[in-house]
Structures are given as structure tokens and as C-alpha cells.
1. Quickly rank 64-72, 27-35, 46-54 as a protection proxy: mean count of other C-beta atoms within 10 Å, highest first.
2. Contour minus end-to-end for residue 31 and residue 48, with contour as 0.36 nm per residue of separation and end-to-end as the Cα-Cα distance?
3. Residue by residue through region 27-33, which ³J(HN,Hα) values in whole Hz follow from phi under the Karplus form 6.51 cos²θ - 1.76 cosθ + 1.60 (θ = phi - 60°), with glycine and proline marked x?
Amino acid sequence: MRAHPIPKMDLPTPRADEFIELLEELFEVRAAKRAIMRVIGARNITLTPEQIEVIHTCGALDTLERWLDRAVTATSGAEVLGD
């Protein structure tokens, strides 16, 4: 039985440094989300399921950092997220 050749595709190949940079950014985003949730938990701030979803789906590091700063002094989920 003859194997079918895999068609060659002209896809861009990411450079290793670009891949590493992307991974670092993803790890920073993940760490920021965990930090926000930790501060919120330590401060006994209650979040709605929708607010939790907003935090977990956010991929913008600058936004997450802003929310983390707010979580330090906020008394509600609305204050953290600026709702």
C-alpha cells in the first residue's frame, strides 16, 4: 500500500523569539488573572458569575493590571472592574 504524500503548505513559520515572547505574554496574563482573584478572595469581595467570566476571558494585560490595582482598595466587584 502506497502512502499518500502530505501536501506542502506555505504557512508562515514563527521565529523562536516571537514564540517565546508570545508565551511570556500569555504567562503574564495568566499570572495577573490569578493575582486579581487572589486579592479579591483575600479581601472577601463577592463577584457575580458574569464578573468572574469577564476576568477569566480578558487577554489585555494592561486592563488586568488596572483591575489588580483597583482590587487592592475596592469593596465590590463593580469597583474592581469599573462597572
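1. Per-residue Cβ counts within 10 Å, averaged per peptide and sorted highest first, yield 64-72, 27-35, 46-54.
2. Taking 0.36 nm per residue and subtracting the Cα distance, the gain is 4.0 nm.
3. Along region 27-33, the couplings run 5, 5, 4, 4, 5, 5, 4 Hz.
Computed from the coordinates by the stated procedures, all read-outs in this text should not be read as laboratory data. Just so you know, these numbers come straight off a predicted model, no measurement behind them. Note: ideal-geometry Cβ built from the backbone for every residue, glycine included; neighbour counts use all protein chains shown.
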